Amino acid sequence: MLSSLFALVPFTSLDWLIILASIGAAYIVFGIAGFGTALVAGPILIRFMPLSQIIPLLVLLDFVAAFGNWLPTRKAVVREELLRLLPCMAVGCSLGVVFLLQLKSDLLMLLMGLFISAYALYSLAVKVRPARLNKLWALPAGMVGGLFGALFGSGGFLYALYLNARLTSKEQARATQSALISCSTVVRLGLFLLAGVYADTSLLVLAVCLLPMMFAGLWIGRSLTLKLSRETFVRLVTWLVLASGLALLARYFNG
């Protein structure tokens with residue numbers, strides 16, 4: 001029976017090595033910043049499967065990983081910020097799933113890559129910033145984050161930017177972001193289920209095969225995060241946001 005299941009994902013040994021390494025690297029980043037799996041693993045996985053399969057696959061893994069991040073820190077969640085972002089995120093996710101399954105989103109990818117790369121470069125260059133971002137920024141951060149989370153699996157950087165500009169505690173920002181991404185994965189998972197995406201058994205088998213590497217990456221990422229100050233953490237997140245923007249641009253120009 002196992003052999004028949006593994007026959008559903010007929011990758012070569014080299015393919016498996018590349019796929020596992022990309023998942024491990026993606027979840028080290030996720031363990032540190034709480035986002036970024038699709039932007040790390042996506043450009044590699046696209047060589048083996050279409051984007052319309054990659055995003056649902058990573059949503060399954062993110063679902064497990066996000067709850068693993070959220071549970072130990074749930075008492076630090078700032079509910080006011082969470083409740084402010086959730087409705088906007090849900091609307092964005094719903095639109096994103098429709099676009100992912102029905103439309104070509106190349107132009108959207110290009111524009112978002114340019115925007116977040118420019119914003120990250122500005123954040124790294126400018127030392128003096130507003131003490132606190134206005135709460136009204138929750139609307140675009142939540143909606144666009146949900147939209148891009150469903151389209152490209154890469155909306156978490158917007159939640160990170162918003163929460164790190166609203167909350168002074170690194171632990172609160174991480175915990176609230178983890179709770180939000182947990183909710184986001186539930187919404188996306190439900191939408192993909194309704195769309196029949198997970199009727200593809202090979203996708204479920206592949207997700208199960210990748211779980212051990214996902215857990216290993218998370219453990220390494222969390223261990224590294226414990227050693228970071230808030231300032232270092234925010235700066236590292238900004239660098240990861242820049243890498244996310246460049247990854248989107250690279251994906252666009254590589255077709």
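Checked against (1) buried (at least 22 other Cβ atoms within 10 Å of the Cβ); (2) more than 17 Å from residue 242 (Cβ to Cβ); (3) of a type outside the set (A, V, I, L, M), residue 42 passes all but a single condition, namely (2).
Residues that are small (Gly, Ala, Ser), within 19 Å of the chain's Cα centre (by Cα) and loosely packed, with under 15 Cβ neighbours inside 10 Å: does the stretch 197-216 have at least one? Within the stretch 197-216 (the criterion being small (Gly, Ala, Ser), within 19 Å of the chain's Cα centre (by Cα) and loosely packed, with under 15 Cβ neighbours inside 10 Å), the answer is no, since none of the residues qualifies.
Just one of the numbered conditions (1) over 15 Å from residue 63 (Cβ atoms); (2) in contact with a Ser or Thr (Cβ under 7 Å, 6 or more places away or on another chain); (3) not polar (S, T, N, Q) is not true of residue 191: (1).
If I filter the stretch 76-85 for residues that are under 21 Å from residue 193 (Cβ atoms) and either open to solvent by 10 Å² or more (accessible area, probe 1.4 Å) or at pLDDT 85 or above (or both), do I get at least one hit? No - not one qualifying residue is present in the stretch 76-85. Against the conditions (1) at pLDDT below 80; (2) within 23 Å of residue 51 (Cβ to Cβ), residue 131 satisfies every one except (2).
Annotation note: Cβ proximity below 7 Å between a residue of the stretch 198-224 that is over 14 Å from residue 65 (Cβ atoms) and hydroxyl-bearing (Ser, Thr, Tyr) and a residue that is open to solvent by less than 30 Å² (accessible area, probe 1.4 Å) and outside any helix (DSSP H, G or I) (sequence gap 6+ or interchain) occurs for 202/9. With respect to the conditions (1) at pLDDT below 75; (2) surrounded by fewer than 22 Cβ atoms within 10 Å (Cβ to Cβ); (3) under 25 Å from residue 191 (Cβ atoms), residue 139 falls short on a single one, namely (1). Assess whether residue 20 counts as being modelled with pLDDT of 80 or more, buried (at least 19 other Cβ atoms within 10 Å of the Cβ), aliphatic (A, V, I, L, M) and more than 18 Å from residue 160 (Cβ to Cβ). No, not satisfied. Under 13 Å from the mean Cα position of the chain (by Cα) and closer than 20 Å to residue 158 by Cβ: does that describe residue 96? No; evaluated as a whole, the condition is false for this residue.
The values are calculated or read from the model by the stated rules, or taken from the named source; none is laboratory data. None of these values were measured; they are calculated from a predicted model. Positions of Cβ are generated from backbone atoms using ideal geometry, with glycine treated the same way; all protein chains shown enter the neighbour counts. Calculation scope for accessible area: heavy atoms of the full protein, side chains included, ligands and nucleic acids excluded. Shrake-Rupley method; radii C 1.70, N 1.55, O 1.52, S 1.80 Å.
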